Each structure stands twice: as C-alpha cells, then as structure tokens.
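Accompanying notes for the structure given below.
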C-alpha cells in the first residue's frame, strides 16, 4: 500500500532526513522544483505563460519561492505574492487575473483553524484558474481533511514523500484534485497506515486452486426480516460475484424463504415470529456452519429482542471467519467488548451511526483514530464506512480506500459491500485484506456501473468487470 503519514509523522521524517545529512534547503529545493515541473506540465509549455505564486511565511512558502525561481528560469512570467508582505485582495486579483495558473504555497499540513485576510481571497480565486497546491490545499486540515470556512480548490496537489490524511478524506480529498506524491529523498520508514492500490488488491485475490469445488469457497448468510429480505439477497448475490462457490442464505420464515428462492443462492427458512423477525437459529444451521469457510450476519434482521439474542448466540458459536454488519452490529450496541470472545476472526462494517451505538461516542474528526479505537475495543478488523473508508486491524495497521463517493449512498450498497467481503473471506483471504480488498472493489464497481441513479443491483452486476480490471492491472 502507498504510505500515508500524519503531519506529525511527516515532521519526524523530515527531522530524520536532516539529521542524516540532507540539509533543509536541499529538501526545499527538491520540493519547489517538483512543484515547478507539475506547473510546467499543466501549462503545456513555458512560452508566453504566466503564473501567480501565493506564498506563506513557512516552509510551504519557501517551496513556492523555489518553484517561482525555477519557472522564471524557464521563461515563464511569474508574479509572487507574499502574505507576510501584507498582500491585499487587489494585488491578488491583478496577479491571478492575468495568470494561466495559480500556485498555492500559503499553508502546509500543519495548518489549523481557518484562512483569513488575503488567504481567503486566494482560495476564492483558486476556483477561477487552474491551481497547483503545495503539499495540501491551504485551509485543509492535514490530519482530518476537514475545512473550517473556505479552502483552496486545486486541480493538482504536489505532496512530498507520502500522502497526508488530509488529502484522503473529504472535503480535502475533493479539494486536492489529482495528488502527485514526489520523492525528495525522505525515508518514510514503514508507516502503519497506507492507501489501498489496485496492485495490492490484485496480489491478494489469488485464483482458485485447480482442484477447487463449490464448497472450497462456501459462504453462509443470515439476515432479513418481514419486508427486508432484499438485504441478505444482495449480500448473497454479491458474494457469488466476488467468488463464493456456493451461498446459503438463511431468512426468517418459510414463506419469505420460498419467495426469495429461485436463483443460484440456496435459501433456507429460519424460525420467525408473526412479524417475520428471527426468533432463533435452528440446529440445522448451527450444525452446518463448519461446512462453510465464512459467514455473513446482520443485514435486514431488525432489532427485536429475540433477534438480538439469536444473533449473539450465533456469533458466539461460529468457528469460522465472520463479517458482521447492520443489525448484527446493533445486537452488540454498547457492548463491543463482547466481540473479543469470538472464537474466530471477525470483520465489522459500521457506518457512523452504528459506530456510535457500538462505542457510545461519535466517530469524530479523525476517522483513522476512530477506526483504530473500535478495532482495539472489539478485537475485530473494523471497516468504518464513509467517504474515505478506513479499515483498521486490532494490531494498529490501517488501510484507507481511495475510491467511492456519494454515488454509493444508496439503499443496499452496504449489503453489497458485506457480500463482497464475505465472498473474499470464503475464498480464503485473511480478514484485514478481505475488508481492504472488499471496499476497493466496491468502489471500482461503482465506477464501472458509471451512471446517475446508481442502485445496489447495478453494483452487483458490475462486479465481474471490476474484478476483471484487477486481473489485467
């Protein structure tokens, strides 16, 4: 995975590089020249081009000054506006108004608070001209990606040594444009947080063995309630598209099971009350669990007390890897610690509301820290859903998904994600890589479906193409 460093970790890496014999001005020169080259590429030449560089007073501003000198040496006409010199809106307007490109070198990843003065005007002007941000768009929090007020909107961001969380999470992710990570000679070591890449996922999804049969990658799904049988079926069909060889889908009620049948998924009836809520997990299912390589529990189950008790019994007894979602998670509201007693590895996939019910506090601004907290509390691989989905292992490893956005905010999308992860667990992936690969493939399927009005069924249909993309990466 591509390394992600927090601003504090990046600062420490800088200090190590300088202590190791690379002078600070050499690092600044390399960084500024990298920015200049990106500007040159975006300008598609130098003759007759004009650039405005807006500089702050720290290292970020120093990088901007180096970029300005490099561009000037290539024949680009450069206007430098330094905030420390008391620049006003009129100076900025004149410089940017005649520029082909704006370089934002105002504030770096250590910035906190909100832009003020001329920096606000520069952020406004970035919406009117092609813009390159140095390290991170000014106004974006380098740790969280959040913005207080206004921030620069860049077409490209040149960042050094490693990505920072601020360009991985919204709104910073969208404001950064295309992120270019440049090596300037700083050793980042082996950070515990990384960005999932297509090559990572392709390496995790090994082909089936030549002697495989359908039970080699079997998945059991338990979900549904009165009027909610679609959820476990989305899980089941997504799992089969993700590579599960056979899927049994247990739904409450004989009539519901009959209606849900008729496809590749084997549907099994579970005990239900008059409202269609699960009341128990029959011995037939418990006795059969060992035939499956993985189990998915939760979507559509509801929150009836009997259902909650049945889910907790099932989760305690399953001896194979489990993905727990939706009402499966709600059965452990306020009691995430109970999941540590699970006899086999577990992936939990909460959205913000489910997270708050499990932990008792909201996600907060730092999504990486929040996912790590729940992973530690539950002993489970935790997939915290949302823009910039985070996968955290109890040992501290974290993977951040670069794909997926508002198009995935549609009913059933989370059920499809659960099915993909369940399918990957059934294929034998270990839980952390199954979750990381699952969220990446989920986002890639949304891209492949590619239209306004995306629905969950479109994601299932797009999975073969999304997976084919990875085999040809």
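Among the residues making up region 451-463, those that are under 17 Å from residue 421 (Cα atoms) and touching a helix residue (DSSP H, G or I) at 6+ places or on another chain (Cβ under 6 Å) are 456, 459, 460, 462, 463.
Checking 344, 375 one by one, the residue that is assigned to a loop (DSSP other than H, G, I, E, B), in contact with a strand residue (DSSP E or B) (Cβ under 8 Å, 6 or more places away or on another chain) and modelled with pLDDT of 95 or more is 344 and no other.
Out of 310, 242, one residue alone is over 22 Å from residue 357 (Cβ atoms) and touching a residue at least 24 places away in the same chain (Cβ under 8 Å). It is 242. Looking at region 148-158, which of its residues are touching a helix residue (DSSP H, G or I) at 6+ places or on another chain (Cβ under 9 Å) and either in a loop (DSSP other than H, G, I, E, B) or surrounded by 21 or more Cβ atoms within 10 Å (Cβ to Cβ) (or both)? Once the filter is applied, which keeps residues that are touching a helix residue (DSSP H, G or I) at 6+ places or on another chain (Cβ under 9 Å) and either in a loop (DSSP other than H, G, I, E, B) or surrounded by 21 or more Cβ atoms within 10 Å (Cβ to Cβ) (or both), region 148-158 yields 149, 150, 151, 152, 153, 154, 155, 157, 158.
Each residue in region 50-80 was checked for being at pLDDT 95 or above, more than 16 Å from residue 137 (Cβ to Cβ) and either assigned to a helix (DSSP H, G or I) or touching a strand residue (DSSP E or B) at 6+ places or on another chain (Cβ under 8 Å) (or both), and 16 of them qualify. Tell me, please, whether a residue that is in a loop (DSSP other than H, G, I, E, B), touching a strand residue (DSSP E or B) at 6+ places or on another chain (Cβ under 9 Å) and in the same structural domain as residue 285 (by TED's automatic domain parsing) can be found in region 198-209. So far as region 198-209 goes, no, none of its residues is in a loop (DSSP other than H, G, I, E, B), touching a strand residue (DSSP E or B) at 6+ places or on another chain (Cβ under 9 Å) and in the same structural domain as residue 285 (by TED's automatic domain parsing). When residue 123 is tested against the conditions (1) surrounded by fewer than 23 Cβ atoms within 10 Å (Cβ to Cβ); (2) assigned to a helix (DSSP H, G or I); (3) touching a strand residue (DSSP E or B) at 6+ places or on another chain (Cβ under 9 Å), the lone failure is (1).
If you check residue 334 against the conditions, is it surrounded by fewer than 23 Cβ atoms within 10 Å (Cβ to Cβ) and in the same structural domain as residue 257 (by TED's automatic domain parsing)? Yes, satisfied. Looking across region 347-361, just one residue is more than 18 Å from the chain's Cα centre (by Cα), part of a loop (DSSP other than H, G, I, E, B) and at negative phi, and that is 361. Scanning region 84-111 for residues being in a helix (DSSP H, G or I) and either touching a helix residue (DSSP H, G or I) at 6+ places or on another chain (Cβ under 6 Å) or closer than 16 Å to residue 153 by Cα (or both) gives a total of 3. Criterion first (over 24 Å from residue 413 (Cα atoms), surrounded by fewer than 22 Cβ atoms within 10 Å (Cβ to Cβ) and under 33 Å from the mean Cα position of the chain (by Cα)) does residue 274 satisfy it? Here the answer is no, as residue 274 does not meet what is asked.
Looking at region 355-376, can you tell me whether even one residue there is buried (at least 19 other Cβ atoms within 10 Å of the Cβ), in the same structural domain as residue 279 (by TED's automatic domain parsing) and within 21 Å of residue 278 (Cα to Cα)? No; the residues of region 355-376 include none that is buried (at least 19 other Cβ atoms within 10 Å of the Cβ), in the same structural domain as residue 279 (by TED's automatic domain parsing) and within 21 Å of residue 278 (Cα to Cα). So for region 319-327 (the condition being surrounded by 18 or more Cβ atoms within 10 Å (Cβ to Cβ), in contact with a helix residue (DSSP H, G or I) (Cβ under 9 Å, 6 or more places away or on another chain), over 22 Å from residue 413 (Cα atoms) and free of Cβ contacts under 8 Å to residues at least 60 places away in the same chain), does at least one residue qualify? Scanning region 319-327 turns up at least one residue that is surrounded by 18 or more Cβ atoms within 10 Å (Cβ to Cβ), in contact with a helix residue (DSSP H, G or I) (Cβ under 9 Å, 6 or more places away or on another chain), over 22 Å from residue 413 (Cα atoms) and free of Cβ contacts under 8 Å to residues at least 60 places away in the same chain. In region 159-188, the residue that is surrounded by the most Cβ atoms within 10 Å (Cβ to Cβ) out of those that are in contact with a helix residue (DSSP H, G or I) (Cβ under 7 Å, 6 or more places away or on another chain) and at positive phi is 161.
Residue by residue, here is whether (1) in a helix (DSSP H, G or I); (2) farther than 14 Å from residue 217 by Cα holds:
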{"residue": "238", "(1), (2)": "yes, no"}
{"residue": "251", "(1), (2)": "no, yes"}
{"residue": "257", "(1), (2)": "yes, yes"}
{"residue": "263", "(1), (2)": "no, yes"}
{"residue": "267", "(1), (2)": "no, yes"}
{"residue": "274", "(1), (2)": "no, yes"}
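The values are calculated or read from the model by the stated rules, or taken from the named source; none is laboratory data. Model, not experiment: these values are computed from the prediction. Methodologically, a virtual Cβ is constructed for each residue, glycine included, from the backbone with ideal geometry; neighbour enumeration extends over all protein chains shown.
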